[in-house]
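Have a look at the structure below before the remarks.
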Amino acid sequence: MNITNFSEKRKKMQPSPIQLEEEYPEISHKTPFIRRKQKMSSYQKTKQEYERIKEERARKQEEFLKDKAQREEALKIYKKKKMATYQLLKRKTKKGQLNLNLHMELLLQKIQAQHK
């Protein structure tokens with residue numbers, strides 16, 4: 001087979017830009033041939049996998065820090081409330097006895113909070 005015959009056959013097999021435009025009007029004159037999606041090399045696959053794992057780790061770390069901050073905030077509120085209750089209950093009268101009036105008020109508040 002002659003090289004010129006081969007190149008002529010190849011040219012006949014490839015559609016001209018005009019034929020492509022008629023079949024596919026969305027393709028411009030600058031890109032006469034449709035390119036196939038190239039397969040990724042092993043380096044590209046490894047790099048993509050690394051990026052995916054890196055993003056996942058960053059997401060997990062961010063989620064962990066957010067949960068930690070929420071736990072700390074909840075613990076802070078709990079301790080503040082408990083300390084206020086303790087300060088209220090430890091108050092004493094002039095004679096050194098516990099102030100039972102404050103105890104009763106605290107119990108009343110708890111009961112009212114349960115009914116709401």
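No value in this document is a laboratory result; all are computed from the given coordinates. What you see is a predicted model; the values in this text were computed from it and never measured. Note that each Cβ is placed from the backbone with ideal geometry, even for glycine, and that neighbours are counted across all protein chains shown.
Set the Förster distance to 41 Å, then compute FRET efficiency between residue 50 and residue 76 from the Cβ-Cβ distance, nearest 0.05.
On the way: r = 39 Å, r/R0 = 0.95.
According to the calculation, E is roughly 0.60.
For the range 74-88, just list the computed ³J(HN,Hα) in residue order, Karplus coefficients 6.51, -1.76 and 1.60, θ = phi - 60°, integers in Hz, with x standing in for Gly and Pro.
Once θ is set to phi - 60°, the couplings for the range 74-88 become 5, 5, 4, 5, 4, 5, 5, 5, 5, 5, 5, 5, 4, 4, 5 Hz.
On full extension of the chain, what length is gained from residue 43 through residue 112, given 0.36 nm per residue of separation minus the C-alpha to C-alpha distance? Before the final figure, lay out each step's value.
Values: separation 69, 0.36 × 69 = 24.84 nm, distance 6.68 nm.
That pair, residue 43 and residue 112, stretches by 18.2 nm at full extension.
Give the Debye-formula value of log10 I(q)/I(0) at each listed q (0.16, 0.20, 0.21 Å⁻¹), with one equal scatterer per alpha carbon of the range 39-104, two decimals each.
Normalising to I(0) and taking log10 leaves -0.74, -0.85, -0.88.
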